[in-house]
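Each value in this text was obtained by applying a stated rule to the coordinates, not by laboratory testing. Note that the coordinates shown come from a computational prediction; the quantities given were computed from them, not determined experimentally. Counting neighbours? That spans all protein chains shown, and the Cβs are built from the backbone with ideal geometry, glycine included.
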Amino acid sequence: MTTATFDRRRFLRTTAFAVAGAMCGSRVGDALADDKITLRLSSPATPGDQRAVALTSVFAPAVRAFATFEPHWNAELFKQGTELEAIARGNLEMSITSAQELASLYPEWGIFTAGYLHRDAEHQKKVFAADFMDPMKKKVEDELGVKLLTVMYLGRRQLNLRIEKEIKTPDDLAGVKLRMPGTDAWQFLGKALGANPVPVAFTEIYTALQTGAIDGQDNPLPSDKDSKFYEVTKQICLTSHLVDLNYLAFSKKVWDGLAPDRQAAVQKAADDAAESGRQKQLKLESELEQFFKDKGLKVYTPDVDAFRKHVQKAYLDSDFAKDWPQGMVDKINAL
Ligand code: KDO
């Protein structure tokens, strides 16, 4: 089981050189002059995931006049968690990033990784559009060379376990080996839920469940269906502990090389794709409980209040909260 370990200082130091290096010639620079640019995207998402479907069916056609969208799903081009570095070095143009990945570089983004903070898909849009996000987005553009085009709805993360034990409160998760993605922010969420978090890449979850290397994982219902996790698990416990999101990341260098009308076209294509995926994901979420029950899984709601209290206390008592911009939790709750 592999996950990307991270040396933030080494990365930011080498990135500065890489961003500069990318300035003096990439396959994009050469192409700008007289033909289409190529937008390579790498993501661990599967081709059937609603974010992937939206990018291939809405984003790609909308930019086809001047860009070829070249997706690489199932982390086939870059390992989960290494895509931002690849964009900064000029080896990739797009990715589906997360607050957890950004928080590994800029701890202030950790606020968006906290459980039970975002209320729903519309709240995510309001927060992303809020002016208090501007300086955070600008820092990622200036220092990392990554533009965050739009927010994508991934869904309500639920516990999906291969063990039979009923989980009602965080205490019931004590000692449960719960797979979480490999960044510190994700590992902390696993601990805050009461479990024993184990870092495993998304593309390796199925095998880890099958072999018993882990007792469970957390993802939104559409991902559990799409990746067939129901084949190797016995229950879904509806904690809704994180209303999860991603950001569509785009190379700032490529963006700056586009004429204003093409920048506007890319921005609209990204927002339209995000909205299309969001509505489809919400519809799936509302329909899938019965699907899993029909597959023989137990699907039930635990004491969500107990989980919310336990998780929120864990964050507020943690070092993570020290990096959160002053007063931003209140601003987010007020939206
Ligand atoms: C996961 O690894 O569980 C996760 O859901 C984390 C998300 O931030 C995102 O990376 C997602 O995987 C991938 O896009 C695969 O769906």
Considering residues of segment 235-252 that are touching a Leu at 6+ places or on another chain (Cβ under 8 Å) and of a type in the set (Gly, Ala, Ser) only, the residue nearest to Ile96 (Cα to Cα): Ala249
Answer from Ile163, Ile167 - the residue that is touching an Asp or Glu at 6+ places or on another chain (Cβ under 6 Å), of a type outside the set (Lys, Arg) and not in a strand (DSSP E or B): Ile163
Spans of helices (runs of 4 or more DSSP H) in segment 247-335 with at least 1 residues in contact with a strand residue (DSSP E or B) (Cβ under 7 Å, 6 or more places away or on another chain) and crowded, with 16+ Cβ neighbours inside 10 Å: 252-256, 260-294, 304-316
The lone exception for Gln210 - which of (1) polar (S, T, N, Q); (2) in contact with a strand residue (DSSP E or B) (Cβ under 8 Å, 6 or more places away or on another chain); (3) free of Cβ contacts under 8 Å to residues at least 24 places away in the same chain it fails: (2)
Matching entry among Ala99, Ala54 (being among the small types (Gly, Ala, Ser) and within 16 Å of Val266 (Cβ to Cβ)): Ala54
Selection from segment 170-184 of residues that are in a loop (DSSP other than H, G, I, E, B) and within 14 Å of Gln217 (Cα to Cα): Gly175, Val176, Pro181, Gly182
Residue check, Pro260 more than 30 Å from Pro61 (Cα to Cα), out of contact with any Gly (no Cβ under 8 Å at 6 or more places or on another chain) and not hydrophobic (A, V, I, L, M, F, W, C): no
Which listed residue is more than 30 Å from Val58 (Cβ to Cβ), within 16 Å of the ligand (Cβ to nearest atom) and either within 12 Å of the chain's Cα centre (by Cα) or of a type in the set (A, V, I, L, M) (or both), from Leu161, Leu173: Leu161
Residue list for segment 111-139, restricted to those being away from the ligand (no atom under 16 Å from the Cβ), farther than 18 Å from Glu275 by Cβ and assigned to a helix (DSSP H, G or I): Asp131, Phe132, Met133, Asp134, Pro135, Met136, Lys137, Lys138, Lys139
Answer residue from segment 39-48, given it is buried (at least 22 other Cβ atoms within 10 Å of the Cβ) and among the hydroxyl-bearing types (Ser, Thr, Tyr) and is nearest to the ligand (Cβ to nearest atom) among those: Ser43
Criterion: on the phi > 0 side of the Ramachandran plot, buried (at least 23 other Cβ atoms within 10 Å of the Cβ) and not hydrophobic (A, V, I, L, M, F, W, C) - qualifying residue of Gly145, Gly175, Gly182: Gly145
Residue tally, condition part of a strand (DSSP E or B) and either more than 16 Å from the ligand (Cβ to nearest atom) or closer than 19 Å to Met180 by Cα (or both), over segment 49-107: 6
Residue list for segment 192-244, filter: assigned to a helix (DSSP H, G or I), hydroxyl-bearing (Ser, Thr, Tyr), in contact with a helix residue (DSSP H, G or I) (Cβ under 7 Å, 6 or more places away or on another chain) and away from the ligand (no atom under 14 Å from the Cβ): Tyr230
